[in-house]
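**Q** Attaching a single structure in structure tokens format; questions to follow.
The values are calculated or read from the model by the stated rules, or taken from the named source; none is laboratory data. Only a predicted model underlies this, so the values are computations on that prediction, with no experimental measurement involved. Neighbour counts are summed over all protein chains in view; Cβ atoms, including those assigned to glycine, are modelled from backbone coordinates with ideal geometry. These accessible areas exclude ligands, DNA and RNA; they are computed on the full protein's heavy atoms, side chains included. Shrake-Rupley method; radii C 1.70, N 1.55, O 1.52, S 1.80 Å.
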Amino acid sequence: MPRFVDLRELESCLSHSEAKEIALDEPVSVELMHRLASEGRLQYFPHFPRPYFRIDHPTAWLIQGIIGTPRLRIQLFGDRRAAALERLRELIETPAPSDETTKESPCHT
Amino acid sequence: MRSVHLNQAATSFPKPREVVEAVHAWFDRPPVDAARGGDGANDPVAPCRKELAGLLGVNDAAGIVLLPSATHALNLVIGALVEPGCHVVTSTLEHNSVLRPIAHRERDIGVAVTMIEPGADGTLEPASLQAALRPSTSLVALTHASNVTGSIQPVEELAEVAAAASVPLLLDASQTAGAVSLTHGRLPGRVFVAFAGHKGLMGPPGVGCLVVPDSMLPQTIVGGTGMRSEDRFHPPDLPLRHEAGTPNLPGIAGLRAGVRFVHRIGVEALGAHRAWLVERLREGMRVMGHIRLFPLAHEDGRVGIVPFCVAGWDPDEVGLVLRESFSIEVRTGLHCAPLALRGLPGEPRGSVRVSVGLGTAEDDVDLLLAALASLEGC
Ligand SMILES: Cc1ncc(COP(=O)(O)O)c(C=O)c1O
């Protein structure tokens, strides 16, 4: 189970996009990606040299990550950003069910 | 996976070996006079000025002022020449290091500002400058080439318009120094040229340069120079007139080596190398239906900049994917020049900017094209 070890603001050229980076204590797995995608729309690009994914929550967040790196880039939206961040922490730190499938899907799933 | 640096417009990489060695060599010798570099043997300042004067066709090397950055150089001129009651002409192509000092003067002392906009080919029309001038205009501040579109401006014609009205011209040559020839002595009128040392001139960060045409610019930063300490006032003569404090001596040593290197290869050859890479990039991108090259991108590729968007992708996301998935570094967003994309169809929220330079090889460009091809249809 990955742990949320740090959160830092990312500098952005555009002031309206407020991006943060979550540092994890282990690399992002396909399983974690699917878990995060349970609350949003997943787009996955497994054919890139380092597979990339993004997850768009309908109202609260955008998550972008690379399978195999211990970082997630997030953007939070709306007025309940602290609650959204807490929810993300819960999703990340939930122990993985042993039988969970880790099926890969092509881009625009 | 090999990393590819296609953000040469931000800072050049890799630096030539001799630049790295010159910086290193400066640290290997004890500074005899730590304030100003000392005995001459280990003093890179005067030789660096000479190299720069040679490169820019400046007759007297005393007119080359060495500062911490292009930003400092631009601020120095704007701060000194834009006074209450004055009017300034600038353009929408400018970097924030021109726009912000002017905006602060506008907010703080109420100066009037006119922005001129480029035509469809990305260049500023001399007639637009002519129309913008007023009797109260005290400065025209324009870029030699946009850091967003790469468009090279007709500086001779623009300088003629400013000179005919007896208005000083401040030229920001940060993107052209070392890539597009500029002979200061041939520009008519009172022309100041500011540029960074760490881009096309291949120097380390931390040194910028200002070419001044005379010693009439008011002094803004004064202090120690290591000379004539008994005087109450800062020396009035160039170049010390505008240089106060301990200079970045290792940085200047590196810049000196960078400028020599540029001299040896030749500015024309360096510009031609960039233009050739830009053509290869554009050819590759034109056949990709999902890539939209910005119309303001100049046909003349010597600055080495290609701005574009990818259908279905936010520019920032393209930058993230290229860096994290493909180890290719480009720049995305507004590039510190927030008005440069104004007026383009769809008012883009920024662009992806690929920039090439001396350190860029043909296969770096091909790696980028292959990466961009794989974004299609996603
Ligand atoms: C056109 C232009 N002007 C000015 C600057 C400022 O240079 P520096 O940050 O080295 O002061 C830059 C740097 O990106 C630039 O591209």
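**Q** Wholly within segment B:282-372, which strands (runs of 3 or more DSSP E) include no fewer than the required count, namely at least 1 residues that are away from every other protein chain (no Cβ under 14 Å)? Step through it out loud before you land on a result.
**A** Numbers: elements: B:291-293, B:305-310, B:331-333, B:351-355.
Those strands (runs of 3 or more DSSP E) span B:291-293, B:305-310, B:351-355.
**Q** Just the residues that are in contact with a helix residue (DSSP H, G or I) (Cβ under 9 Å, 6 or more places away or on another chain) and open to solvent by 30 Å² or more (accessible area, probe 1.4 Å), please, taken from segment A:30-45. Outline the logic, then answer.
**A** To start, the set of residues in segment A:30-45 that are in contact with a helix residue (DSSP H, G or I) (Cβ under 9 Å, 6 or more places away or on another chain) comprises A:32, A:35-36, A:38-39, A:42, A:44-45.
A:S38, A:E39, listed by residue number.
**Q** Between B:P101, B:P126, which is more than 14 Å from every other protein chain (Cβ to nearest Cβ) and more than 16 Å from the ligand (Cβ to nearest atom)? Show your work before the answer.
**A** Details: B:P101 fails: more than 16 Å from the ligand (Cβ to nearest atom).
Unique residue meeting the criteria: B:P126.
**Q** If you don't mind, there's one more thing I want to ask. So B:F308 passes all but one of these: (1) at positive phi; (2) at pLDDT below 95; (3) touching a strand residue (DSSP E or B) at 6+ places or on another chain (Cβ under 8 Å). Which condition number does it fail?
**A** Of everything listed in (1) at positive phi; (2) at pLDDT below 95; (3) touching a strand residue (DSSP E or B) at 6+ places or on another chain (Cβ under 8 Å), B:F308 misses just condition (1).
**Q** When the residues of segment B:54-69 are filtered to those that are open to solvent by less than 10 Å² (accessible area, probe 1.4 Å) and under 18 Å from the mean Cα position of the chain (by Cα), which remaining residue is farthest from the ligand (Cβ to nearest atom)? So that I can check it myself, show each step before the final result.
**A** Of the residues in segment B:54-69, the ones open to solvent by less than 10 Å² (accessible area, probe 1.4 Å) are B:63-65.
Next cut, under 18 Å from the mean Cα position of the chain (by Cα) only: B:64-65.
Working: B:I64: 16, B:V65: 14 Å.
Going through the qualifying residues, I end up with B:I64.
**Q** Related question: Hey, can you tell me all the residues within segment B:141-162 that are within 16 Å of the ligand (Cβ to nearest atom) and either farther than 29 Å from B:R282 by Cβ or within 14 Å of chain A (Cβ to nearest Cβ) (or both)?
**A** Step one: of segment B:141-162, the residues within 16 Å of the ligand (Cβ to nearest atom) are B:141-153, B:155, B:158.
Hits for segment B:141-162 are B:A141, B:N147, B:V148.
**Q** So, in segment B:232-250, of the ones that are aliphatic (A, V, I, L, M) and open to solvent by less than 30 Å² (accessible area, probe 1.4 Å), which residue ends up farthest from the chain's Cα centre (by Cα)? Steps first, please.
**A** Restricting attention to segment B:232-250, the residues satisfying the condition of being aliphatic (A, V, I, L, M) are B:238, B:240, B:244, B:249.
Cutting the leftovers down to open to solvent by less than 30 Å² (accessible area, probe 1.4 Å) gives us B:240, B:249.
Working: B:L240: 23, B:L249: 21 Å.
Filtering first and then ranking leaves B:L240.
**Q** Next up: Output the number of residues of segment B:259-281 satisfying the condition of being under 30 Å from B:P47 (Cα atoms) and in a helix (DSSP H, G or I). Lay out the reasoning, then the answer.
**A** Quick first cut of segment B:259-281, residues under 30 Å from B:P47 (Cα atoms) only: B:259-274.
Next, only the ones that are in a helix (DSSP H, G or I) stay: B:259-265, B:267-274.
Count: 15.
**Q** Determine if segment B:163-173 includes at least one residue that is within 16 Å of the ligand (Cβ to nearest atom), within 14 Å of another protein chain (Cβ to nearest Cβ), under 16 Å from the mean Cα position of the chain (by Cα) and within 15 Å of B:E94 (Cβ to Cβ).
**A** Start the filter on segment B:163-173 by keeping residues that are within 16 Å of the ligand (Cβ to nearest atom), which leaves B:169-173.
Among the residues that remain, those that are also within 14 Å of another protein chain (Cβ to nearest Cβ) are: none.
No, the conditions are met nowhere in segment B:163-173.
**Q** Another question, if that's okay. Of everything in segment B:182-220, what is within 10 Å of the ligand (Cβ to nearest atom) and assigned to a loop (DSSP other than H, G, I, E, B)? Give them in sequence order.
**A** Selection gives B:G197, B:H198, B:K199, B:P205, B:G206, B:V207.
**Q** Hey, another quick one. Of all residues in segment B:70-92, how many are small (G, A, S) and either within 16 Å of the chain's Cα centre (by Cα) or within 9 Å of the ligand (Cβ to nearest atom) (or both)? Working first, answer last.
**A** So in segment B:70-92, the residues small (G, A, S) come out as B:70, B:73, B:79-80, B:85, B:91.
Of the ones still in play, those that are also either within 16 Å of the chain's Cα centre (by Cα) or within 9 Å of the ligand (Cβ to nearest atom) (or both) are B:70, B:73, B:91.
Of the residues in segment B:70-92, 3 are small (G, A, S) and either within 16 Å of the chain's Cα centre (by Cα) or within 9 Å of the ligand (Cβ to nearest atom) (or both).
**Q** (1) away from chain A (no Cβ under 14 Å); (2) in a loop (DSSP other than H, G, I, E, B); (3) within 16 Å of the ligand (Cβ to nearest atom): which one isn't true of B:D231, the others all being true?
**A** B:D231 satisfies every listed condition except (3).
**Q** Also, quick follow-up: Say whether the condition of being within 10 Å of chain B (Cβ to nearest Cβ) and either among the charged types (D, E, K, R) or out of contact with any Leu (no Cβ under 9 Å at 6 or more places or on another chain) (or both) is met by at least one residue in segment A:31-43. Steps first, answer last, please.
**A** Filtering segment A:31-43 for residues within 10 Å of chain B (Cβ to nearest Cβ) gives A:43.
Narrowing the set further to residues that are either among the charged types (D, E, K, R) or out of contact with any Leu (no Cβ under 9 Å at 6 or more places or on another chain) (or both) leaves A:43.
Among the residues of segment A:31-43, at least one is within 10 Å of chain B (Cβ to nearest Cβ) and either among the charged types (D, E, K, R) or out of contact with any Leu (no Cβ under 9 Å at 6 or more places or on another chain) (or both), which makes the answer yes.
**Q** Taking segment A:46-59 as the search range and keeping residues that are at the interface with chain B (Cβ under 7 Å from one of its Cβ atoms) and more than 14 Å from the chain's Cα centre (by Cα), which one is least open to solvent (accessible area, probe 1.4 Å)?
**A** Applying the filter and picking the extreme gives A:F48.
**Q** From B:P204, B:P168, which residue is over 28 Å from B:R260 (Cβ atoms) and modelled with pLDDT of 95 or more? Lay out the reasoning, then the answer.
**A** Values: B:P204 fails: over 28 Å from B:R260 (Cβ atoms).
Result of the check over B:P204, B:P168: B:P168.
**Q** Considering (1) crowded, with 21+ Cβ neighbours inside 10 Å; (2) within 19 Å of B:C378 (Cβ to Cβ), say which one B:H290 fails and leave the rest.
**A** (1)
**Q** Taking the options B:T220, B:T246, name whichever one is of a type in the set (S, T, N, Q) and under 21 Å from B:G79 (Cα atoms).
**A** Values: B:T246 fails: under 21 Å from B:G79 (Cα atoms).
Just one listed residue meets the conditions, B:T220.
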